[in-house]
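Input: a single structure, listed below in structure tokens.
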Amino acid sequence: MHRPMSARSSTQLAAQSAARLAAQLPAHLHRDPAWRGRIMACLLTVFIVWPMLVLSEFKPWILWDWQSLSATGRFLSDFLVPAHDPEFLQLLLRETWQTVAIATAGLALAMVVAIPATLIITDRLSISALGTGRTRLPARLLRQGVRWLLIVLRSVPELVWALLFVRIIGFGPTAGVLAIALTYCGMLGKVYAEILESSDTHSTDTLLANGSSRLAALLYGALPESASELMSYTVYRWECAIRGSVVMGFVGAGGLGQRMDESMKMLAGAEVSSMLLVFVLLVALADLFSKILRRRLG
Amino acid sequence: MPTYHLQHLTVRHRGASSGAPSGGPLPALGDLSLTIEQGEQLALIGPSGAGKTTLLATLACAQQPANGTFTMFDQDPWALGEAARHRLRARLFLAPQTPPLPPRQRVVTAVLAAHLPQWSIWRALASLFKPADPQAAWQALARFNLGDKLYSRVDRLSGGERQRCGLARLLLSPAEALLVDEPLSALDPVLSELTLSTLREEAAARNATLVCSLHQVDLALAHFPRIVALRAGRIAFDLPREQVTPQMIAQLYQGEPARPAPPAAPEPETLPVKPGAGACL
């Protein structure tokens, strides 16, 4: 009789104390201490961002007014039927040829510098390291120097080089060729060296140990090991050079890009559409070429 | 004139390149004294990890000794300048256990690479386009029953064919010292006989020194007049084959698993080592 009584009273007590706690939650705890900070942060954001939006003339609603919509619609509907009158096609062909020429000449120039640079910076193919594991200080300094040169060359975007060369030698494809040559030389040198370093070095090391020169060991050991990787990366870079030359055309470095810039400014959607199709075709061509080469070498 | 003269030579493992523990308590080769006359033929035997490959690499100037004297053709290669040392390397030929042939190369190119130390870079380039001396390459391959593979690609060859292809390169090299690391590891008994006989004939024909590491003790005893046995980086015995007794052989290989700090099987608790990277140069 006594026990159940006390059990019941204890559950009652617990319920009562919970109710009392809820009732007695102090007034100052009703307010979330983080609330004021959050509100302030929101206000501050609006306060900072609003002038920025005004400064940058961010007015998305003008996209939806009637005039803009019709202009966009006209531009986009032009895309459906690419420009194909003979005169334009002739122009397109000439400009495409120029773009391909810019990319190819630029890449060829880049390789002329990148290949010797690769031979200098690669850690493999070191005769002084053979047997000692150490390279000499002058060799290390030269290696590091060329590495920095390549970093500088590739860290400046080709667009910046192109702007620079357009200022120096004027509008035209030469600026594009030089810009591609400089940037891509830095990229090719770095990646060639890394491809060589990540391939199996057993054959190269043995040739060196048997008294071959560095270049001979490269030709008979390292190149056959990694020829297809080197080739496929080079073709991919050619593809990038095509795209790069188009972007550089917008700043006046010749080729398809320059025409595209003009067509864009005239809102000639049909012409832009034809040019985009040509890009797709060129990239597909590069892809096919790389596939054939890899099948031949692999 | 001795081809090689080694006295109290110590060679330490090169940690990074060989995958073996560096700075370990025991050197790869310790207190090694050995004289090899020009034209001599000797077999290196000993349990796995005894230091046979390291000794061959040292003889090939591909590994610098830490202590002791080392002369080769009466010169200390490590006292010479780099260019002179590299010219000295052209007078020897090291055939590693794993054939050093790029998979995408053609057999004829791989074999003709023996001439690279002598060729100018233009000659080497031209030979990539049109093989300079396919007749000589074919003759070298034919001595190992590989004549029909002249224009195959290396990756189409079997393991044993690759190994013999690597040795065909040796036949073409004009080297005066031939260092061969386990040439029989991928060959059947008949081809093993043929290969060892061909190597010995070639060495004898041009009075070249032949040092060959072998795991097949019976073949070593049958083919080589002098046997050098290595165990744990030291010379266990260095005798004419007539004086090598079966007891000595048994003693050389006994207690295999308990040998102290072998380079190929380091203690796992002290040094993490890439598995499978230690064996070949």
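The values are calculated or read from the model by the stated rules, or taken from the named source; none is laboratory data. In this text, all values refer to a predicted model and were calculated from it rather than measured experimentally. No Cβ is skipped: glycine too gets one built from the backbone with ideal geometry, and neighbour counts run over all protein chains shown.
When B:LEU92, B:LEU59 are screened for being at pLDDT 90 or above, among the aliphatic types (A, V, I, L, M) and under 18 Å from A:GLY133 (Cα atoms), only B:LEU59 passes. A residue that is more than 23 Å from A:SER213 (Cα to Cα), modelled with pLDDT of 90 or more and assigned to a helix (DSSP H, G or I) cannot be found anywhere in region B:5-18. The test for being more than 7 Å from chain B (Cβ to nearest Cβ), part of a helix (DSSP H, G or I) and touching a helix residue (DSSP H, G or I) at 6+ places or on another chain (Cβ under 9 Å) holds for A:ALA222. Restricting the search to strands (runs of 3 or more DSSP E) fully inside region B:30-132 and requiring at least 2 residues that are surrounded by fewer than 16 Cβ atoms within 10 Å (Cβ to Cβ) and more than 11 Å from chain A (Cβ to nearest Cβ) gives B:67-72. Determine whether A:VAL247 is of a type outside the set (D, E, K, R), more than 14 Å from every other protein chain (Cβ to nearest Cβ) and out of contact with any Ser or Thr (no Cβ under 8 Å at 6 or more places or on another chain). When the stated conditions are applied, A:VAL247 passes them. A single member of A:LEU53, A:LEU43, A:LEU89 is among the aliphatic types (A, V, I, L, M), out of contact with any Pro (no Cβ under 9 Å at 6 or more places or on another chain), closer than 21 Å to A:GLY249 by Cα and part of a helix (DSSP H, G or I), and it is A:LEU89.
When each of B:GLY255, B:GLY166, B:GLY160, B:GLY233 is tested for being farther than 30 Å from B:LEU112 by Cα, in contact (Cβ under 8 Å) with a residue 24 or more places away in the chain and not hydrophobic (A, V, I, L, M, F, W, C), the lone residue that passes is B:GLY233. Just checking, does region B:142-161 include any residue being under 16 Å from A:LEU207 (Cβ atoms), of a type in the set (Ser, Thr, Tyr) and in contact with a helix residue (DSSP H, G or I) (Cβ under 6 Å, 6 or more places away or on another chain)? No, region B:142-161 has no match at all.
Summed over region A:85-138, the residues that are within 14 Å of chain B (Cβ to nearest Cβ) and under 33 Å from the mean Cα position of the chain (by Cα) give a count of 7.
Does region A:198-219 include one or more residues that are in contact (Cβ under 8 Å) with a residue 40 or more places away in the chain, touching a strand residue (DSSP E or B) at 6+ places or on another chain (Cβ under 8 Å), under 30 Å from B:LEU94 (Cβ atoms) and in a helix (DSSP H, G or I)? So far as region A:198-219 goes, yes, one or more of its residues are in contact (Cβ under 8 Å) with a residue 40 or more places away in the chain, touching a strand residue (DSSP E or B) at 6+ places or on another chain (Cβ under 8 Å), under 30 Å from B:LEU94 (Cβ atoms) and in a helix (DSSP H, G or I). Within region B:124-146, residues that are touching a residue at least 24 places away in the same chain (Cβ under 8 Å) reach partners that are of a type in the set (D, E, K, R) with beta carbons closer than 6 Å, at six or more positions or on different chains, in the pairs B:PHE144/B:ARG164; B:LEU146/B:ARG164. Among the conditions (1) part of a loop (DSSP other than H, G, I, E, B); (2) within 14 Å of chain A (Cβ to nearest Cβ), B:PHE144 misses just one, which is (2).
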